[in-house]
Structures are given as C-alpha cells and as structure tokens.
1. Which pairs do you get when a residue that is free of Cβ contacts under 8 Å to residues at least 12 places away in the same chain and on the phi < 0 side of the Ramachandran plot, found in region 64-86, comes within reach of a residue that is surrounded by 12 or more Cβ atoms within 10 Å (Cβ to Cβ) and aromatic (Phe, Trp, Tyr), reach meaning Cβ atoms under 8 angstrom, with the pair 6+ apart or on two chains?
2. From the list Arg22, Arg44, Arg58, Arg28, pick out the single residue that is over 16 Å from Arg93 (Cα atoms) and either crowded, with 17+ Cβ neighbours inside 10 Å or modelled with pLDDT of 90 or more (or both).
3. For Ser8, only one of the following conditions fails: (1) at pLDDT below 90; (2) assigned to a helix (DSSP H, G or I); (3) of a type in the set (Gly, Ala, Ser). What is its number?
4. Applying the selection to region 16-51, what residues are small (Gly, Ala, Ser) and part of a strand (DSSP E or B)?
5. If I ask for residues that are under 17 Å from Ile87 (Cα atoms) and among the charged types (D, E, K, R), which ones from region 34-75 would you list?
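The values are calculated or read from the model by the stated rules, or taken from the named source; none is laboratory data. Values in this document were obtained by computation on a predicted structure and should not be read as measured data. Ideal geometry is used to build each Cβ from the backbone, glycine not excepted, and the neighbour counts take in all protein chains shown.
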Amino acid sequence: MHIFHQPSPTKADLLSLSQHARERIARRNLSVEDLEYVLQYGHRLRVAGVRIYHLRRRDIPYSDQRISRVSQLEGTTILVSHDNTVITAYRNRECLHRELQKTKWRR
C-alpha cells in the first residue's frame, strides 16, 4: 500500500478570484506565487468587511529583501471579501499610509 502525501493547500488555493481580480492581476503582472507571498507576509487589516493584505517593506523577511521579485512586490495590496473571493489587487506603496498612521489626539 502506497500513501501519497498531498501538499497542504496554500491561502491562494483557498481563495477564488473575481473576474475583475483576474483582469487586474494579469494587467499588473502578478503571479499566483506573488499572491501567496503577499497573503503570507503582508500586513492584515479589516475595513468595512473586507480583508486587506498590504506588503510593506518591514513585512518582507530579511532573507528575502535582496530578491528582486520580492522587492518589486513591496506596496502590493490584495482585497479579499468575506467569502474568500479576491476582489482586486494593485500596487501602491503609500496605499495604507493614512489608515496605518496613529491618529492625533484632539481636544
């Protein structure tokens, strides 16, 4: 009897892509591996029922920082709906700058 080990599914395997997301990912030259990387290492945020994964420079492991493909992913943002459907993906290094800043205390 032979038992074959099935690899465990990645986060990208558990997600479905909307038609809009497929078009945007193709247009922005992102691969499934790129999506997996952002989903694994990106900063997670929930806004209005949508999960946002944003890959900041500080989120990239030190051992990966010199890999050119990984450094190009800095600023990549993926929006995922409540039913695990990727809504869209884009690159913008300043995307969550305001959302992630600490709010100032006002009197």
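1. none
2. Only one candidate qualifies: Arg22.
3. Result: Ser8 passes all but (2).
4. Residue satisfying the conditions is Ser16 alone.
5. Asp34, Glu36, Arg44, Arg46, Arg51
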